[in-house]
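Worksheet: one structure, shown below.
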Amino acid sequence: MSDTPNNTEGDAQAPTLEPPTGSADGSLDAAERRRVHDIWVAGTEEPDWIANATDEGAQELLPRDMDPALQIQRGIAVDDDFVDEPIVVEDERQILNMGPQHPATHGVLRLHLELDGETIRRVKPIIGYLHTGMEKTAENLTYMQGGTNVTRMDYLSPLNNELCYALAVEQLLGVEIPPRAQAIRILMTELNRIASHLIWVATFGMDIGALSMMIYGFRDREAILAFFEKVTGLRMNHNYIRPGGVAADLPEGWEEDIDGIFDIVGSGLDDYVDLLNRNPIFLDRTRGVGVLTPEEAQAYGVTGPAARASGVNFDLRKAFPYSGIEQYEFDVPLGKHGDTLDRYLVRMEEMRQSLRIVQQVLETMPPGDYRTDDRKVTPPPRKRIDESMEALIHHFKLFTEGFKAPAGEVYQAVESPRGELGMHLVSKGGSKPWRLHARTPSFAIVQALPVMLTDQIVPDVIATLASLDPVLGDVDR
Amino acid sequence: MTEETTAQEEPQETDEAAEETIPRVLPDDPILARLAEPFPNVVFTSFEPLAGARQDTAIVSRGELIAFVEAVKDAGFETFIDVCSVDHLNRKPRYDVVINLLSMQHTKRLIVKVGVPGDDPTVQSISPIYAGANFYEREVWDLMGIVFEGHPDLTRIVLPDEWEGHPLRKDYSVGSVPVQFKGSHKSS
Amino acid sequence: MAGEVHNPNFLLTTLDKGVSWTRTRSMWPATFGLACCAIEMMATGAAHHDLARFGMEVFRASPRQADLMVVAGRLSQKMAPVLRQVYDQMAEPKWVISMGACASTGGMFNNYALVQGVDEIVPVDVYVPGCPPGPQSLMHGILTLQDKIMAGEIRRSTGLL
């Protein structure tokens, strides 16, 4: 597989290990540089470059009167519950750096906290520690290979990423997907939602202090992963949902496996609800913590369970249905207060609703093709290649050059376990996308952290962050 | 893909003289029609996809962007979804900044596109209107190099601070390391 | 074996082996999960594929208290100095397992944003291939590392033995 760059005129400008050269006369001192807080000018840092390599650089927390982004960080850009501190004593403030290597930040997220005792006055999230250049990589992969790239964005729910990408490509192509393929897609993505929420409840419980939740959550998830491995070949990052349908049909005996999953996950959910819902320590740590108002959620683009816990009644599966999900009956749980407890309750109920959808798919799975017949899009069955010259040619062209999508621009969105996952796909008629932009839900959640965390104490940071379920692969791509 | 242009008609389709104003066809959706009335230069297109929301796009010019986005917010598009950018390379204007908005009350999406020229890649920031645009505009600056005027903190966000260049531009190569096989003396 | 070359004395050879044995039987990993491989690393530590039977269930967040760093996931350019700093903060003896294709060679992301293999930054003892490697592959990698330590193939000067 060749990886021809888009245009070879410029070379990659990766940072080298030599310390960058200073400005013209090197006289720009640190305070002066901070005052010109415009665009970071490379070459104005102190000469001991290696030792300061993990410093914040342009992301440092400036003194309050100099911080141009203070309004947004304090969350008063939007109608908020923030209480303005009348007396601000600079000496009593301490800046604490949390992350990027940290057991409780759910990945490589870095938070700058300005603390007043144990209360947080300012939060600045710094991201980019997992930036993989996926949008650039997508421009070098054909449409059939593109699934392997996008599936690694939100690595806790890879099938949702693949579904969004496949829907966007199919929109450009204009192909219809057979009903069995649509039902299989819904089955797999709803199972993925359950698996993702199980990891969430495992890490959430562990961060709150209920350490055994970690073991229970992963144990139940193993049943779902065993099913995924049986169907797609991999436990994670499956590359199963492809433009045109799915990669392979469901194997024999899949109904018994799903029944097994119902037993394990269903009884597990009952146990966890008993374990946590009335536990006074759990309630103390989660009630009223990390409140997000509905206006804030809409202004910052927070969607999914985090917004529904605040009372925003919007679910993409109901509002803009895709892949035949409108035939299945399910409810969308809503919270009232927008605090951590509500986010927990909403997700636990969502797992039950997903089980309900899986039950309906199990009962009503239509027979038929698992992918579209159009041989220009999906490869022919392997044994046809021995019999038919045309099948061989199709196979060859699909796996070397790939199919060409007509020119156009499309935005498709699905409801991933974290919120609205959208892909903006621009094609200029070639076999590779011209531009793929992934609108990921965790990016908006991380952006909205300051409004939730200001005025909370440090342990509440952990609880709130865990309840929001950001996935850093989603944030940084 | 079907695309219906519901904005200004092509001049050659009418019989009227060139000096007379061409009657403008507003989008058939009532909310968008009310939105389009005070903005005669905005081009609306829409198409009905196979799955998901109807895709309505409004193409505005840089000068009208802030006024239009404020009107969009007043029209009920309260939820901010996305700001991204596309580098068309051989087109004038070179870049497109794409703003994606959602109205939960009307169950509607709207995409606002602004053309940004390559030699002057600046555009007004919409973060005073939608607070959520903050990080997204920083990412567009970081990866595509489009400057947002009025943004409170336009610094790099996903790349290290000292990075030079803007990787998502089409004239920036993907930066791959060629595979080197043991024993071969030329790079592949 | 290297032990015999440096310590021809029978007593010291046995002590050497004993020290290696204790080092392998309670290696504490430092949490350096970056991306998808981190989830598989957590699954390896969970109940189904149990890492605790090898003495490793305690994932220490502080690098001072850890002796094994499992770099699980893709290492971006921005994270590379942090990796080096955490590695430097670990006390000797320390080992590194590079888990997954992205950590070993850059994986499928051969582009500007990733370090093409963490061995550009830290010395690696065992590479575990896979995308992501399943828990059984990771355990095989850990057991391989334990074998290497027991065989004395990994000798870093600690000043003591």
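The values are calculated or read from the model by the stated rules, or taken from the named source; none is laboratory data. Here the structure is a predicted model, which means the values were calculated and not measured. Don't worry about glycine lacking a Cβ; one is built from the backbone with ideal geometry, like all the others, and counts go over all protein chains shown.
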- Task: Residue by residue through the stretch A:186-232, note down the ones that are within 12 Å of chain C (Cβ to nearest Cβ), of a type in the set (Lys, Arg) and under 19 Å from residue A:356 (Cα atoms).
- Result: A:221
- Residues of the stretch B:45-69 being away from chain A (no Cβ under 14 Å), among the charged types (D, E, K, R) and over 13 Å from the mean Cα position of the chain (by Cα), in sequence order, are B:64
- Item | Flag for residue A:143 being out of contact with any Asp or Glu (no Cβ under 8 Å at 6 or more places or on another chain), buried (at least 24 other Cβ atoms within 10 Å of the Cβ) and either facing chain C (nearest Cβ under 8 Å) or outside any helix (DSSP H, G or I) (or both) | yes
- Query: Any idea which of A:183, A:210 is touching a helix residue (DSSP H, G or I) at 6+ places or on another chain (Cβ under 7 Å), surrounded by fewer than 24 Cβ atoms within 10 Å (Cβ to Cβ) and touching a residue at least 24 places away in the same chain (Cβ under 8 Å)?
  - Reply: A:210
- Taking the condition part of a helix (DSSP H, G or I), on the phi < 0 side of the Ramachandran plot and under 30 Å from the mean Cα position of the chain (by Cα), does residue A:445 pass? yes
- Item | Filtered residues of the stretch B:111-139 (kept if farther than 25 Å from residue B:47 by Cβ and in a helix (DSSP H, G or I)) | B:133, B:134, B:135, B:137, B:138, B:139
- Within the stretch C:28-38, work out how many residues are at the interface with another protein chain (Cβ under 7 Å from one of its Cβ atoms) and either of a type in the set (S, T, N, Q) or surrounded by fewer than 24 Cβ atoms within 10 Å (Cβ to Cβ) (or both). 1
- Note on the structure: Going through the stretch C:51-71 in order, the residues found to be in a helix (DSSP H, G or I), away from every other protein chain (no Cβ under 11 Å) and surrounded by 14 or more Cβ atoms within 10 Å (Cβ to Cβ) are C:54
- Has the stretch A:378-391 got at least one residue that is surrounded by fewer than 17 Cβ atoms within 10 Å (Cβ to Cβ) and touching an Asp or Glu at 6+ places or on another chain (Cβ under 7 Å)? no
- Message: Quick check on residue B:83: is it of a type in the set (A, V, I, L, M, F, W, C) and part of a strand (DSSP E or B)?
- Response: yes
- Task: Just give me the residues in the stretch A:248-257 being modelled with pLDDT of 90 or more and under 26 Å from the mean Cα position of the chain (by Cα), in sequence order.
- Result: none
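Residue by residue, here is whether (1) of a type outside the set (Lys, Arg); (2) within 28 Å of residue A:224 (Cα to Cα); (3) touching a Phe, Trp or Tyr at 6+ places or on another chain (Cβ under 7 Å) holds:
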position	(1), (2), (3)
A:265	yes, yes, no
A:275	yes, yes, no
A:287	no, no, no
A:295	yes, no, no
A:298	yes, no, no
- Scan the stretch B:178-185 and give yes if some residue there is at the interface with chain A (Cβ under 7 Å from one of its Cβ atoms) and of a type in the set (Lys, Arg), otherwise no. no
- Message: Taking the condition of being without any contact (Cβ under 8 Å) to a residue 60 or more places away in the chain, surrounded by fewer than 17 Cβ atoms within 10 Å (Cβ to Cβ) and more than 8 Å from every other protein chain (Cβ to nearest Cβ), how many residues in the stretch B:94-117 meet it?
- Response: 2
- Message: Quick check on residue B:169: is it out of contact with any Leu (no Cβ under 6 Å at 6 or more places or on another chain), within 23 Å of residue C:102 (Cβ to Cβ) and modelled with pLDDT of 85 or more?
- Response: no
- Checked against (1) over 13 Å from the mean Cα position of the chain (by Cα); (2) among the hydrophobic types (A, V, I, L, M, F, W, C); (3) within 15 Å of residue A:424 (Cβ to Cβ), residue B:86 satisfies every condition except (1)
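For the stretch A:234-258, how many residues are farther than 18 Å from residue A:373 by Cα and not in a loop (DSSP other than H, G, I, E, B)?
5
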- Considering the stretch C:39-50, residues that are touching a residue at least 24 places away in the same chain (Cβ under 8 Å) and more than 9 Å from chain A (Cβ to nearest Cβ), and then whichever is surrounded by the fewest Cβ atoms within 10 Å (Cβ to Cβ), we arrive at C:44
- Query: Quick check: anything in the stretch C:87-99 modelled with pLDDT of 90 or more, more than 14 Å from chain B (Cβ to nearest Cβ) and either in a helix (DSSP H, G or I) or on the phi > 0 side of the Ramachandran plot (or both)?
  - Reply: no
- Note on the structure: By residue number, the members of the stretch A:453-477 that are closer than 14 Å to residue A:301 by Cβ and hydrophobic (A, V, I, L, M, F, W, C) are A:468, A:475
- For the stretch A:106-132, how many residues meet the condition of being within 12 Å of chain B (Cβ to nearest Cβ) and more than 23 Å from residue C:37 (Cβ to Cβ)? 2
- Message: For the stretch A:73-114, which positions are assigned to a loop (DSSP other than H, G, I, E, B), modelled with pLDDT of 70 or more and of a type in the set (A, V, I, L, M, F, W, C)?
- Response: A:104, A:108, A:109
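Suppose the filter is under 22 Å from residue A:371 (Cβ atoms) and either touching a strand residue (DSSP E or B) at 6+ places or on another chain (Cβ under 7 Å) or without any contact (Cβ under 8 Å) to a residue 60 or more places away in the chain (or both); does residue A:224 pass it?
no
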- Can we say residue A:332 is in a loop (DSSP other than H, G, I, E, B), touching a Pro at 6+ places or on another chain (Cβ under 6 Å) and free of Cβ contacts under 8 Å to residues at least 40 places away in the same chain? no
- Positions within the stretch B:121-153 being more than 10 Å from chain A (Cβ to nearest Cβ) and farther than 17 Å from residue A:128 by Cβ, in sequence order: B:121, B:122, B:123, B:124, B:125, B:126, B:146, B:148, B:149, B:150
- Item | Meets criteria (crowded, with 24+ Cβ neighbours inside 10 Å and under 20 Å from the mean Cα position of the chain (by Cα)) for residue A:286 | no
- Considering C:104, C:137, which residue is at pLDDT 90 or above and within 14 Å of chain B (Cβ to nearest Cβ)? C:104
- Query: Of (1) more than 8 Å from chain A (Cβ to nearest Cβ); (2) at pLDDT 85 or above, residue B:156 satisfies all except one. Which?
  - Reply: (1)
